[in-house]
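Written below as structure tokens is the structure these notes are about.
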Amino acid sequence: MALKSGSAAVDAYIAAAPRTVQPMLRELRQAIKSAVPKAEEKISYQMPFYAYHGRLIYFAAHRNHVGLYPIIGREKDLYAKELKPYLQEKATLQFPIGKPVPVELVKKIVQQRAKDNEARPAEPKGSCIAQRQSRSHLRWGRSNRCRCRSRLRRRGA
């Protein structure tokens, strides 16, 4: 059996969720797609994920809520009052199951994240910028140059 990708995978995710949560997931999906129609739908970290000039937004069903991740950019400051009832931890919005999803707020957040992503300079193809900042790459030295490729060459890959 082949793994599903894109919209089909997100359809399968929503179908596999408990029936009480499915309407909320469909609402979130529709809000995201209407806010940024060019966003690419995928599954990442076993939850629906949208990409638009980089990582845009994730959502997931949980036992007592539906989560929206990450809320880390300008949107956190711009919509602080509106986010307050839903913001948990540093970068998570939680919408309780059975309560209405604030669709307009979700659209504003997603549109702001899309604008921020568009404004960010594109990473060169094959770039390891994110990896350089990870702990696994820090142990290879203080150089700003990523050494993952040179490490692979030494192994003969």
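FYI, it's all coordinate maths here, none of it is from the lab. All values reported here derive from a predicted model rather than from experimental measurement.
Taking the square root of 5 times each eigenvalue of the Cα gyration tensor, what semi-axes in Å does the equivalent ellipsoid of region 6-122 have, largest first?
Equivalent ellipsoid of region 6-122: 21, 18, 11 Å, largest first.
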Mind checking which aspartates and glutamates have their Cα closer than 19 Å to the Cα of LYS108? Skip sequence neighbours fewer than 8 apart in that chain.
GLU27, GLU40, GLU41, GLU75, ASP77, GLU82, ASP116, GLU118
Quote to one decimal, in nm, the extra length available between ARG19 and SER5 on full extension: 0.36 nm per residue of separation minus the C-alpha distance between them.
2.8 nm
Checking the table LYS33/LYS84; LYS81/LYS107; LYS38/LYS107; LYS38/LYS115; LYS81/LYS115; LYS76/LYS115 against a 18 Å threshold on Cα-Cα, which pairs fail?
LYS33/LYS84; LYS81/LYS115
